[in-house]
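Accompanying notes for the structure given below.
The values are calculated or read from the model by the stated rules, or taken from the named source; none is laboratory data. Just so it is clear, the model here is predicted, and its values are computed rather than measured. Cβ atoms come from the backbone with ideal geometry, glycine included; neighbour counts cover every protein chain shown. All accessible areas refer to the heavy atoms of the entire protein, side chains included, with ligands and DNA or RNA removed. Shrake-Rupley method; radii C 1.70, N 1.55, O 1.52, S 1.80 Å.
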Amino acid sequence: MAGASKEIRGKINSIKNTQKITKAMEMVAAAKMRRAQQRMEASRPYVEKLKRVIGHVANAHPEYKHPYTQPSEHKKIGLIVVSSDRGLCGGLNNNLFRRCIRSIKEWQENGATVELALIGRKAETFFKHVGGNVVASVVDLGDAPHAEDLVGEVRVMLDKLDSGELDTLYIASNEFVNTMTQQPKIEQLVPVVADAAQQEKMPVYWDYIYEPDAKTALNTLMNRYIEGLVYGAVVENAACEQSARMIAMKNATDNAGKIIKELQLAYNKARQAAITQEISEIVSGAAAIEG
Amino acid sequence: MAVSMQVDIVSAEQPLFSGKANEVFALAAEGEVGILPHHTQFLSTLKPGLVRIVSGDEEEHFFVAGGILEVQPEVVTILADSAIRADDLDEAKALEAKQRAEEAMKKAESEVDFAKAQAELSEAIAQLEAISKLRERLGKRGLTVSH
């Protein structure tokens, strides 16, 4: 019986160690989450201002209509998938991938081809496993992703749009609802959907003065717009990752606590049983001598 | 105070400036432009250089690595790039992303490094120019800039 209680004690110690690790990870994730959220907030004005400018452009009567603003046939679809580099963040990545697979199937049933551009190690591993036409990939963006790290990836997709290899571009990422909730979402990047709210009232007929010319200026604008949206999605996803990890680690810590409680109970029972057995052995031994 | 307009400078990673101003100077695609309130609609790419915001007696300076300038009669928006951009550099980065996807382990490091060095050089030159311009102007007013 003494052997059993020793074994349980060993188990309790090992779970306590695990609990210490998950607790530490929870606290690290909490600290990183705050910074990730600040980065997310800091990236919003850029996209807002870009949307404002795009709204103005949609209102203008430019001599040059940018191809990204023209409706597409949805036959050659590009999908940018934003995931995390590391795991241990609950179902964050898997929920997103499931959502992606569903959309990809839907598009393929409608006769569209799908090309993928991946961000993050988890997406790379996943699509290597399930297959898919992956045309670009970036990993190791770290906790503080930089906008310039995404330039290459976006460029690949924009080049394909310009050459007609793609006609539509989507992005799949997690939406930060609050610390407890993250929601996978798929958004259309190209054709650019002009925000109805941005269609303010404007002078009836006007156009910009462009420098160096309308095509270059609008091209740069569209390019930065898509990059801005992708960067926004990446920092938002980073905030999601940290908060999902924090929650996952908190659950793990709580579960470890529960298991420790149960094992402690079993340990106490085993110890009591061992003592009872010992006493009864002594008593019966004494009785045998007396008898 | 004279007529003023709203000016916003933002980069992808953080907002840089938001407020009222009387005058804005920036380095547009075809040379330096000065924008006053009620300017006609204007859309231009920006070259790496100094953006100057004048409001009353105060002047603020920002170095931008390029970007986009949009002018509406009441609002000026500057969308600053967070890094110097060059077509060949973007292309090199695109190549890198593609190669990574193709799981080819050999990266075109030499090309990327060359393009990177070029971009860094042009950024450094633009920064130096911006600083010397600033020195000149402040020197005229009998002020100095420490750097």
Looking at the structure I just gave you, is B:V7 crowded, with 18+ Cβ neighbours inside 10 Å, under 18 Å from the mean Cα position of the chain (by Cα), more than 14 Å from every other protein chain (Cβ to nearest Cβ) and not in a loop (DSSP other than H, G, I, E, B)? no
> Quick one: would you say B:Q118 is part of a helix (DSSP H, G or I), modelled with pLDDT under 70 and out of contact with any helix residue (DSSP H, G or I) (no Cβ under 7 Å at 6 or more places or on another chain)?
Replying inline: yes
Considering the stretch A:140-167, residues that are farther than 10 Å from B:A97 by Cβ and facing chain B (nearest Cβ under 8 Å), and then whichever is farthest from the chain's Cα centre (by Cα), we arrive at A:D159
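Condition check: more than 10 Å from chain B (Cβ to nearest Cβ), open to solvent by 40 Å² or more (accessible area, probe 1.4 Å), free of Cβ contacts under 8 Å to residues at least 60 places away in the same chain and assigned to a helix (DSSP H, G or I). Does A:K65 satisfy that? Working first, answer last.
On the way: more than 10 Å from chain B (Cβ to nearest Cβ): yes; open to solvent by 40 Å² or more (accessible area, probe 1.4 Å): yes; free of Cβ contacts under 8 Å to residues at least 60 places away in the same chain: yes; assigned to a helix (DSSP H, G or I): no.
When the stated conditions are applied, A:K65 does not pass them.
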Taking the stretch A:32-60 and the residues there that are at pLDDT 90 or above and more than 10 Å from every other protein chain (Cβ to nearest Cβ), the one that is surrounded by the most Cβ atoms within 10 Å (Cβ to Cβ) would be A:A36
Condition set in a strand (DSSP E or B) and under 21 Å from A:E227 (Cα atoms), scope the stretch B:64-75, selection nearest to the chain's Cα centre (by Cα): answer is B:V64
Log entry, pairs with first residue in the stretch A:115-134 being at the interface with another protein chain (Cβ under 9 Å from one of its Cβ atoms), second being among the charged types (D, E, K, R), beta carbons closer than 6 Å, six or more apart or on different chains, reads A:A117/A:E153; A:L118/A:E124
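Suppose the filter is among the acidic types (D, E), at pLDDT below 95, in a helix (DSSP H, G or I) and within 26 Å of A:V190 (Cβ to Cβ); does A:E227 pass it?
Working: among the acidic types (D, E): yes; at pLDDT below 95: yes; in a helix (DSSP H, G or I): yes; within 26 Å of A:V190 (Cβ to Cβ): yes.
It is true that A:E227 is among the acidic types (D, E), at pLDDT below 95, in a helix (DSSP H, G or I) and within 26 Å of A:V190 (Cβ to Cβ).
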All-but-one check, A:E73 against (1) closer than 30 Å to A:K32 by Cβ; (2) part of a loop (DSSP other than H, G, I, E, B); (3) open to solvent by 50 Å² or more (accessible area, probe 1.4 Å), failing number (1)
The one condition A:A2 fails out of (1) at pLDDT 90 or above; (2) open to solvent by 20 Å² or more (accessible area, probe 1.4 Å); (3) away from every other protein chain (no Cβ under 14 Å) is (1)
Exactly one of A:A244, A:A273 is hydrophobic (A, V, I, L, M, F, W, C), over 30 Å from A:S173 (Cβ atoms) and surrounded by 13 or more Cβ atoms within 10 Å (Cβ to Cβ), and that one is A:A273
| message | Quick check on B:E30: is it surrounded by 19 or more Cβ atoms within 10 Å (Cβ to Cβ), within 11 Å of chain A (Cβ to nearest Cβ) and charged (D, E, K, R)? | response | no
Exactly one of B:L79, B:L95, B:L50, B:L43 is more than 8 Å from every other protein chain (Cβ to nearest Cβ) and at pLDDT below 95, and that one is B:L50
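Is it fair to say B:E60 is more than 8 Å from chain A (Cβ to nearest Cβ), part of a strand (DSSP E or B) and without any contact (Cβ under 8 Å) to a residue 24 or more places away in the chain? Break it down into steps so the answer makes sense when it comes.
Numbers: more than 8 Å from chain A (Cβ to nearest Cβ): yes; part of a strand (DSSP E or B): yes; without any contact (Cβ under 8 Å) to a residue 24 or more places away in the chain: no.
It is false that B:E60 is more than 8 Å from chain A (Cβ to nearest Cβ), part of a strand (DSSP E or B) and without any contact (Cβ under 8 Å) to a residue 24 or more places away in the chain.
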How many residues of the stretch B:82-92 are out of contact with any helix residue (DSSP H, G or I) (no Cβ under 9 Å at 6 or more places or on another chain) and either within 9 Å of another protein chain (Cβ to nearest Cβ) or in a loop (DSSP other than H, G, I, E, B) (or both)? The answer is 0
Notebook entry, point to check: Is there a residue being out of contact with any Gly (no Cβ under 6 Å at 6 or more places or on another chain), under 28 Å from A:I279 (Cα atoms) and part of a helix (DSSP H, G or I) anywhere in the stretch A:11-27?
Noted result: yes
Note on the stretch B:10-27: residues away from chain A (no Cβ under 11 Å) and aromatic (F, W, Y) are B:F25
